[in-house]
Amino acid sequence: MARGQEQTAPDAVLTRIGQVAMLHHAGDREEARDRFLALWAEIGEHGDPLHRCTLAHYLAGTQDDPSEELAWDLRALSAAEELTGERRADRHEGASAARALSPSLHLNLAADYDRLGHREAARLHLRRARATAESLAPGRYAEGVRAAIDRLERRMAGGGRFDGPEEWGRPPRQRP
């Protein structure tokens, strides 16, 4: 085997998701949402859990309706839990990526629930975000997630309601 070929080829679906995410970050939210939805139709409800987790995570950020954002964030968490559950974690290469996304997934759910006025659910997911963030490897992503958790926690403790991601400085949705 030639040197370097022993590594797995890049995941084409994750690459495509990343390309659409760049479009979204560049400001074309509607086009990104349309392309993400087309990818979702291609992957389907029973596709690879890492693909579903990543795609739903990004799709949530393109939604205008807070209830729809919550629904996509719940899909992302559900797929992540499929990867990290006891029966699956040792068999899927995406398990570590899903564990790394877990704090962000819970943080986004906390913000979603807060925006919808469901304070107890928001607090529950904020606690889960903090607990899972403890296991993140040091780096910019971990620092950004922890800082966003702190900001949302302070704002919620002050009694204000969430009105948008810019208010609490949510880190960008990360690719696993």
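Calculate, for Asp28 and Glu120, the FRET efficiency according to 1/(1 + (r/R0)^6) with r their C-beta to C-beta distance and R0 45 Å; round to the nearest 0.05. Between Asp28 and Glu120 the formula returns 0.80. Subtracting the Cα-Cα distance of Ser96 and Glu45 from their residue separation scaled by 0.36 nm leaves 16.2 nm.
Note on the range 57-139: with neighbouring protein chains present and a 1.4 Å probe, carbon and sulfur make up 47 percent of its accessible heavy-atom surface.
Report note on the peptides 44-54, 15-25: ranked by the mean count of other C-beta atoms within 10 Å, highest first, their order is 44-54, 15-25.
Per-peptide packing, taken as the mean over residues of other Cβ atoms within 10 Å, places 29-38, 137-146 in the sequence 29-38, 137-146 from highest down.
The values are calculated or read from the model by the stated rules, or taken from the named source; none is laboratory data. Predicted, not measured: the structure shown is a model, and the values here were computed from it. Every residue, glycine as well, gets a Cβ built from its backbone with ideal geometry; the counts of neighbours run over all protein chains shown. Ligands, DNA and RNA are excluded from the accessible area calculation, which covers all protein heavy atoms including side chains. Shrake-Rupley method; radii C 1.70, N 1.55, O 1.52, S 1.80 Å.
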